[in-house]
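Student: I'd like to ask you about the structure that follows.
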């Protein structure tokens, strides 16, 4: 389904045909090892770059350029997949075949993408100071606002404590202090270093002539000297030492319980398919044990779910509870996992979980951004799976596979966000 064209040692173009949709998406992703030293600088770069370039000098010109492409859109930001910090740029327009005058809209979007990423506005040996200062404030606001969403905050704190001393424990946007330490010249020097020494994936989803776009990108980048790079490698660790138990107190009315597990299974291993189903049975939706027992039957949580972080080999449980229900909710959560390890899985739980995963995979065909993200992840992992292959593997999973995968899961960290005053 996906066609990959190698542009040079660092850049690959991936074309995903999706003719049934009337839009075309274009994305570029720069991969960097997630480190405390780089995270804050990398977190700033996409936002500074999208402010202006050689083709369009500022946000106003970019907006007018996109409007002339029948309301095309552009966005930029930072992703984190395991210990890969990804600088992303996303564009979308109507497909060329729907352009009223037969315009080459994807060509025009590609021109803007290449200019934004490779031709930034430079003044006095650095990025435009105004852009950098404004985006520093914006990024610091993003970092500080994490605490406002207590559910996300608790989940992040669990990962931070669980992976302390590992790159995974670094926040994707870096730190406020790290952002403060950056200026327009140091950021530009960092940009120049990473833009030619990183793996870069470019995706087109929709209906396009990928060979022509590949030639356009190749012609543009031929003049740039790249140093060959590889995808960031992740260290998947097992649980070591005592279980970590962390408690924070804030002025909150509802407790947030986050529990971190090490799966000890890589997403490149055949056992991963059984792990996917085990997670779904455990906390993957309204059919799951956490939902039906911890939330519905026992009323111990307002919400309770689990999700996999497949790039790092983690499973995270998140629940919202009354403060006094901490022990009961914690004990019941572990009890439900233990029941899976013992093979106490009903036919309904098993079949509902298989169906939920298959439906989720099928839904990618209706969303270009999701499709792009899926294959971006597969590239990072080094897998060559397509959706139909994934669906076939899920269908082959047995209860025995689920039990085997569940028995590799180890409790690592328990995080509880409680109310002030010991509530």
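FYI, it's all coordinate maths here, none of it is from the lab. Just so we're clear, the structure is a prediction, and the values are computed from it rather than from any experiment. Counting neighbours? That spans all protein chains shown, and the Cβs are built from the backbone with ideal geometry, glycine included.
Student: Sorted by packing (mean other beta-carbon atoms within 10 Å per residue), highest first, where do 51-59, 219-227, 404-412 land? Before the final figure, lay out each step's value.
Tutor: Numbers: 51-59: 17.3, 219-227: 11.7, 404-412: 19.4.
Answer by packing, highest mean first, reads 404-412, 51-59, 219-227.
Student: Take 305, 40 and order them by how many other Cβ atoms sit within 10 Å, fewest up front.
Tutor: Least to most surrounded, the residues fall as 305, 40.
Student: Nearest 10 degrees is fine. How inclined is helix 150-162 to the longest principal axis of the chain, computing both from alpha carbons?
Tutor: 80 degrees
Student: Shifting gears a bit: Distance from the Cα centre of the range 254-331 to that of the range 3-37, in angstrom?
Tutor: 32 Å
Student: Can you show me the helix-derived [θ] at 222 nm for the chain, built from DSSP H runs with n ≥ 4 at -39,500 (n - 2.57) apiece and divided by the number of residues, rounded to the nearest 500.
Tutor: On the way: 14 runs with 171 residues, N = 423.
Estimated from H runs of four or more residues: -12500 deg cm²/dmol.
Student: With the Cα gyration tensor of the range 3-221 giving a ≥ b ≥ c as the square roots of its eigenvalues, does the rule (a/c under 1.5 for rounded; else a/b larger than b/c for prolate; else oblate) give rounded, prolate or oblate?
Tutor: prolate
Student: Where a ≥ b ≥ c are the square roots of the eigenvalues of the C-alpha gyration tensor, would you call the range 137-204 rounded, which needs a/c under 1.5, or, failing that, prolate if a/b is larger than b/c, or oblate?
Tutor: Here the range 137-204 falls in the prolate category.
Student: Once you have the Cα-Cα distance between residue 35 and residue 129, take 0.36 nm times their residue separation minus that, and quote the gain in nm to one decimal.
Tutor: Details: separation 94, 0.36 × 94 = 33.84 nm, distance 2.50 nm.
Separation in residues times 0.36 nm, less the Cα-Cα distance, equals 31.3 nm.
Student: Explain nothing, just the number: relative contact order of the range 251-351, from Cα pairs under 8 Å at least 6 residues apart, as a whole percent.
Tutor: For the range 251-351, the relative contact order is 32 percent.
Student: Can you tell me what percent of all Cα-Cα pairs in the chain are more than 28 Å apart?
Tutor: 54 percent
Student: Still on this structure, I have one more. For the range 159-305, how big is Rg over Rh, using alpha carbon atoms and the Kirkwood form of Rh?
Tutor: Radius of gyration over Kirkwood radius for the range 159-305 works out to 1.08.
Student: Starting from the Cα of residue 216, step 7 Å along the direction of its Cβ; do the same at residue 266; then give the gap between the two resulting points in nm.
Tutor: 3.8 nm
Student: Between residue 407 and residue 298, what length comes free when the chain is fully extended (0.36 nm per residue of separation minus the Cα-Cα distance, one decimal in nm)?
Tutor: Full extension from residue 407 to residue 298 adds 36.7 nm.
Student: Separate question: Among 276, 371, 142, which comes first, second and so on when ranked by fewest other beta-carbon atoms within 10 Å?
Tutor: Fewest-to-most Cβ neighbours within 10 Å comes out as 142, 371, 276.
Student: Once you have a ≥ b ≥ c as the square roots of the Cα gyration tensor eigenvalues for the range 6-84, tell me rounded if a/c is under 1.5, and otherwise prolate or oblate according to whether a/b is larger than b/c.
Tutor: Verdict is oblate for the range 6-84.
Student: Could you state the number of Å between the C-alpha centres of the range 173-215 and the range 104-149?
Tutor: 10 Å
Student: Set the Förster radius R0 to 56 Å, insert the Cβ-Cβ distance between residue 243 and residue 99 as r into 1/(1 + (r/R0)^6), and round the FRET efficiency to 0.05. Intermediate values should be presented prior to the final figure.
Tutor: On the way: r = 59 Å, r/R0 = 1.04.
That gives a FRET efficiency of 0.45.
Student: Please give the helix 184-195 orientation as an angle from the longest Cα principal axis of the chain, in degrees from 0 to 90, rounded to the nearest 10.
Tutor: Tilt relative to the chain: about 80 degrees.
Student: A follow-up question, please. First measure r as the distance between the Cβ atoms of residue 58 and residue 361, then evaluate 1/(1 + (r/R0)^6) with R0 = 56 Å and state the FRET efficiency to the nearest 0.05.
Tutor: 0.85
Student: Right, another one. Which distance in nm do the two modelled labels at residue 383 and residue 183 give, with both placed 7 Å along the Cα-to-Cβ direction?
Tutor: Result: 4.6 nm between the two label points.
Student: Tell me the angle of helix 271-283 to the major Cα principal axis of the chain, expressed in degrees between 0 and 90 and rounded to the nearest ten.
Tutor: Helix 271-283 sits roughly 70 degrees off the main axis of the chain.
Student: Spin-label point model (7 Å from Cα, Cβ direction): what's the residue 334 to residue 223 distance in nm?
Tutor: 6.3 nm
Student: While we're on this one: May I ask you to sort 190, 31 by Cβ crowding, counting other Cβ atoms within 10 Å and putting the fewest first?
Tutor: Starting with the residue having the fewest Cβ neighbours, the order is 190, 31.
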